[in-house]
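Some notes on the structure that comes next.
The values are calculated or read from the model by the stated rules, or taken from the named source; none is laboratory data. Given the structure is predicted, the values throughout are model-derived calculations rather than measurements. Cβ coordinates were reconstructed from backbone atoms using ideal geometry, including for glycine residues, and neighbour counts include every protein chain displayed. For accessibility, only protein heavy atoms count, side chains too; no ligands or nucleic acids. Shrake-Rupley method; radii C 1.70, N 1.55, O 1.52, S 1.80 Å.
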Amino acid sequence: MEARGWLLPLWLQGLALLWGRAGIGLAQLSTTAPPAPAQACSEFSQKSCEECLKNVSCLWCYTNNTCIDYPVRSILPPSSLCSLSNARWGVCWINFEALIIAIAVVAGLILVSIAVCCCYCCYCRRRSRSGPDEEEERLARKREEQRLQSLQRKHERKLKHDEIRKKYGLLQDSDNPYSRFENE
């Protein structure tokens, strides 16, 4: 558990450094010499935020313009050390409160998008496996009703035509359909 305690601040520091250095070109990054690790953060007190934050293990506090060692035992610096709204780490233009909110919003969006994708994929898979759905069944019932109505109308037309043929003597006996036609 103690190993996780120092990994998260390092991850946050790396994220803030990448975010702050996004506008700097690769050539400028490669020519910048890393700060000497032997310098203590307290040496940068009363100087500037930029000088303090060149060392990633330092934290700048705007309340008293001090550069202090980042408390790696805790994820966030305690309020007794420096309030979150006045603490800067990685870059001078964003405080811890804004950093926490930004990371929470991005993480929330990622989680929501993953959940939506999973639900959509599961829904599509279930729908394709289930066979004909309600819409297809409704259309099949409607086609069958139309077919039965068509057959009924066809039968009614045949009966009507047979009545007309019978009225005018054109209906042949069903017993003997091959009778001789007589001309009168």
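Here are some notes:
- Of residues in region 54-73 being assigned to a loop (DSSP other than H, G, I, E, B) and open to solvent by less than 40 Å² (accessible area, probe 1.4 Å), the one farthest from GLN39 (Cα to Cα): PRO71
- Residue check, LYS166 open to solvent by 90 Å² or more (accessible area, probe 1.4 Å) and at pLDDT below 90: yes
- Qualifying positions in region 84-130 - open to solvent by 40 Å² or more (accessible area, probe 1.4 Å), without any contact (Cβ under 8 Å) to a residue 60 or more places away in the chain and not in a helix (DSSP H, G or I): LEU84, SER85, ASN86, SER130
- Count of region 25-53 residues, restricted to those that are assigned to a helix (DSSP H, G or I) and either loosely packed, with under 15 Cβ neighbours inside 10 Å or modelled with pLDDT of 85 or more (or both), is 13.
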